[in-house]
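The values are calculated or read from the model by the stated rules, or taken from the named source; none is laboratory data. On a predicted model such as this, the values are computed, not experimentally measured, just so you know. When we count neighbours, we look across all protein chains shown, and the Cβ atoms used for this are built from the backbone with ideal geometry, even at glycine.
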Amino acid sequence: MELTTNLAPIIPNENIRESTTSLMSLKMKQLIFLDIETVSQYPDYKTLKKENPEMAFAWKQKFENDKYWKTENPKLTLTASYPLKAALYPEYGKIVAISVCYEKIIKDKEEIITISFANHEEKELLKQFSVYAIGIHNRKAVKMDTYLCGHNIKMFDIPYMFKRMLANDIYPPSWIYNPLAKPWDMKHLDTSLLWNAGGRWGGGDLNSMAVALGFKSPKDNAANIKGKDISTEYWKGEEDILNRITHYCEMDTEMLVKTIQKTMKLTKYEYKR
């Protein structure tokens with residue numbers, strides 16, 4: 001078998017036209033990056049059962065009906081399941097930290113700004129975020145199409161925020177989620193779907209994507225906390241826990257910025273004619 005080697009030279013060409021719907025047609029100033037961190041609403045199942053019997057009964061039913069949990073861990077008990085799983089579900093968890101990154105012009109220079117919100121009182125947290133984020137979005141949306149960007153944002157962050165806002169009597173901004181809008185009209189950029197590239201399996205976690213793209217893992221962090229342990233660590237009640245969780249959240253959001261910046265700087269090639 002002979003390999004063909006007499007092809008025309010391949011050269012970089014920055015002038016190749018991109019579709020207006022292509023990722024590379026977007027600008028950083030059009031994006032608002034977002035990540036949330038969540039914990040269970042109560043420290044353990046015993047406390048849940050005492051303070052909120054209705055929710056405890058609903059959790060018991062969920063535990064009994066969820067076949068995947070039992071397949072994943074046949075020894076998992078009802079009591080152990082709550083602190084381990086509740087933070088993943090907006091019906092049983094709450095948001096304790098939100099980090100937002102966006103581009104801002106400061107003294108004629110483009111800079112990435114990181115703003116974080118953290119509070120033990122979820123309603124206050126969501127109110128602060130809602131007012132501030134709406135302001136950022138509206139100022140950008142007046143001038144250009146503006147996209148909310150996050151990793152697995154369509155499956156986790158957006159529905160979680162939407163449901164927790166409803167639960168706290170807060171009107172969710174329509175650009176976070178509008179049930180009457182067509183799916184393609186919602187301006188959301190999910191890096192998990194981007195990395196999946198239409199493949200059959202999941203897009204992979206942010207950590208794996210970051211390392212594959214040549215970045216240092218955002219999980220090698222100074223916050224001294226792991227994602228799966230956030231809820232457990234939170235309920236230990238340490239004084240600096242919100243700062244640690246917020247720092248963890250910020251590093252994930254800032255890694256999102258780096259991954260998108262890299263995709264916007266990819267080299268395009270063509271045959272030299």
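Remarks
- Qualifying residue in the stretch 256-272 (condition: aliphatic (A, V, I, L, M) and in a loop (DSSP other than H, G, I, E, B)): yes
- For the stretch 119-127, the criterion of being in contact with an Asp or Glu (Cβ under 9 Å, 6 or more places away or on another chain), touching a residue at least 12 places away in the same chain (Cβ under 8 Å) and closer than 24 Å to Trp235 by Cα is met by at least one residue.
- Test: residue in the stretch 83-101 that is among the acidic types (Asp, Glu) and modelled with pLDDT under 95: no
- Candidates are the residues of the stretch 63-105 that are over 23 Å from Arg164 (Cα atoms) and in contact with a strand residue (DSSP E or B) (Cβ under 8 Å, 6 or more places away or on another chain); the one that is surrounded by the most Cβ atoms within 10 Å (Cβ to Cβ) is Tyr102.
- All positions within the stretch 182-194 that are outside any loop (DSSP other than H, G, I, E, B) and either farther than 26 Å from Glu254 by Cα or free of Cβ contacts under 8 Å to residues at least 40 places away in the same chain (or both): Pro183, Trp184, Asp185, Leu193
- Positions within the stretch 234-253 being closer than 21 Å to Asn207 by Cβ and in contact with a strand residue (DSSP E or B) (Cβ under 9 Å, 6 or more places away or on another chain), in sequence order: Tyr234, Ile245, Thr246, His247, Tyr248, Cys249, Glu250, Met251, Asp252, Thr253
- If the condition is being surrounded by fewer than 15 Cβ atoms within 10 Å (Cβ to Cβ), acidic (Asp, Glu) and either in contact with a Phe, Trp or Tyr (Cβ under 6 Å, 6 or more places away or on another chain) or more than 13 Å from Ile32 (Cα to Cα) (or both), then the stretch 112-146 contributes Glu121, Glu124.
- Residue in the stretch 225-234 that is among the β-branched types (Val, Ile, Thr) and surrounded by fewer than 17 Cβ atoms within 10 Å (Cβ to Cβ) present: no
- If you go through the stretch 178-193 and keep only what is over 21 Å from Leu26 (Cα atoms) and surrounded by 10 or more Cβ atoms within 10 Å (Cβ to Cβ), you end up with Asn178, Ala181.
- On inspection, Lys154 fails the criterion of being more than 15 Å from Ile36 (Cβ to Cβ), charged (D, E, K, R) and assigned to a helix (DSSP H, G or I).
Quick grid of which residues meet (1) charged (D, E, K, R); (2) under 22 Å from Thr114 (Cα atoms); (3) assigned to a helix (DSSP H, G or I):
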position	(1), (2), (3)
Lys29	yes, yes, yes
Phe33	no, yes, no
Ala58	no, no, yes
Tyr68	no, no, yes
Pro74	no, no, no
Thr79	no, no, yes
Ala86	no, no, yes
Val96	no, yes, no
Val100	no, yes, no
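- In the set (1) within 30 Å of Ala197 (Cα to Cα); (2) at pLDDT 95 or above; (3) surrounded by fewer than 10 Cβ atoms within 10 Å (Cβ to Cβ), the condition left unmet by Arg17 is number (2).
- Matching entry among Pro218, Pro179 (being part of a loop (DSSP other than H, G, I, E, B) and either modelled with pLDDT of 95 or more or within 15 Å of Glu37 (Cβ to Cβ) (or both)): Pro218
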